[in-house]
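The block underneath contains the structure these notes are about, expressed in structure tokens.
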Amino acid sequence: MTAEELRAKIREIPDFPKPGILFYDITTLLKDPDAYHQAIDLMIEPYRDADVDLVVGMESRGFIFSGPIAYQLHAGLVPVRKLGKLPSETVSVEYALEYGSNTLEIHKDAIGRGQRVLIVDDLLATGGTVRGTIELVERLAGQIIGLDFLVELRLLKGRDRLRDYKTTSVIQY
């Protein structure tokens, strides 16, 4: 299944979560076993030989992809969560969303100095969430080897904020 065929599996919902936003609903892709499997395979491909130590997944849809990617790469999995969701000592960062702001946290002991980290999420839009995650990983002295997304909304130019990092996406709008 090609990236274009995967793109056709994503439902577009206008005016969600608020008027003027076109929401790309990946649940229609996820429920198709072949499409989900191929999406994971295409996301992994650029990093298959990258010697990844840890895959960092961002709450919440990033978890859908980061778990299987970590498993396939034989890497550890580190969740980045919204404020107040992690039980141990954390490091946090506030970041801007395309329609608001939020705070992300990671456990303070989640990443060791120099560990090779792949950051995974479902969507690259303005880049706010991933910029926050990058800051957390770098504060813990992790080495970011790539930023991996299923979908990229090119019109929002999130990639422009990520020029210092290898950035890959399977489906572009």
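The values are calculated or read from the model by the stated rules, or taken from the named source; none is laboratory data. Since this is a predicted model, take the numbers as computed values, not measurements. In this analysis, Cβ positions are derived from the backbone assuming ideal geometry, glycine residues included, and neighbour counts consider all displayed protein chains.
Looking across region 112-163, the residues that are within 17 Å of Phe23 (Cα to Cα) and polar (S, T, N, Q) come down to Thr126, Thr129. Can you find, within region 149-168, the residue that is farthest from His107 (Cα to Cα) among those that are within 14 Å of the chain's Cα centre (by Cα) and assigned to a loop (DSSP other than H, G, I, E, B)? Within region 149-168, the match that is farthest from His107 (Cα to Cα) is Leu153.
Residue by residue, here is whether (1) farther than 20 Å from Glu152 by Cα; (2) not hydrophobic (A, V, I, L, M, F, W, C); (3) not in a helix (DSSP H, G or I) holds:
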{"position": "Gly20", "(1), (2), (3)": "no, yes, yes"}
{"position": "His37", "(1), (2), (3)": "no, yes, no"}
{"position": "Asp41", "(1), (2), (3)": "no, yes, no"}
{"position": "Gln72", "(1), (2), (3)": "yes, yes, no"}
{"position": "Pro79", "(1), (2), (3)": "yes, yes, yes"}
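When each of Thr126, Thr103 is tested for being surrounded by fewer than 19 Cβ atoms within 10 Å (Cβ to Cβ), on the phi < 0 side of the Ramachandran plot, modelled with pLDDT under 95 and touching an Asp or Glu at 6+ places or on another chain (Cβ under 8 Å), the lone residue that passes is Thr126. Here Leu162, Leu123, Leu156, Leu118 are screened, and the one residue that is touching a Gly at 6+ places or on another chain (Cβ under 9 Å) and under 18 Å from Leu54 (Cβ atoms) is Leu118.
Yes/no matrix, rows are residues, columns are (1) part of a helix (DSSP H, G or I); (2) over 19 Å from Leu77 (Cα atoms); (3) not hydroxyl-bearing (Ser, Thr, Tyr):
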residue	(1), (2), (3)
Val117	no, no, yes
Asp121	no, no, yes
Val137	yes, no, yes
Ile144	no, no, yes
Leu147	no, no, yes
Val170	no, yes, yes
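Yes or no: region 1-24 includes at least one residue that is more than 16 Å from Phe149 (Cβ to Cβ), touching a helix residue (DSSP H, G or I) at 6+ places or on another chain (Cβ under 7 Å) and hydrophobic (A, V, I, L, M, F, W, C). The answer is yes; a qualifying residue exists.
Of everything in region 84-100, what is assigned to a loop (DSSP other than H, G, I, E, B) and surrounded by 13 or more Cβ atoms within 10 Å (Cβ to Cβ)? Give them in sequence order. Matches in region 84-100: Lys85, Leu86, Glu98.
Of all the numbered requirements in (1) modelled with pLDDT of 95 or more; (2) of a type in the set (Gly, Ala, Ser); (3) surrounded by fewer than 20 Cβ atoms within 10 Å (Cβ to Cβ), Gly62 misses one, and that requirement is (3). Tyr36 meets each of the listed conditions (1) aromatic (Phe, Trp, Tyr); (2) under 14 Å from Val117 (Cβ atoms); (3) free of Cβ contacts under 8 Å to residues at least 12 places away in the same chain apart from (2).
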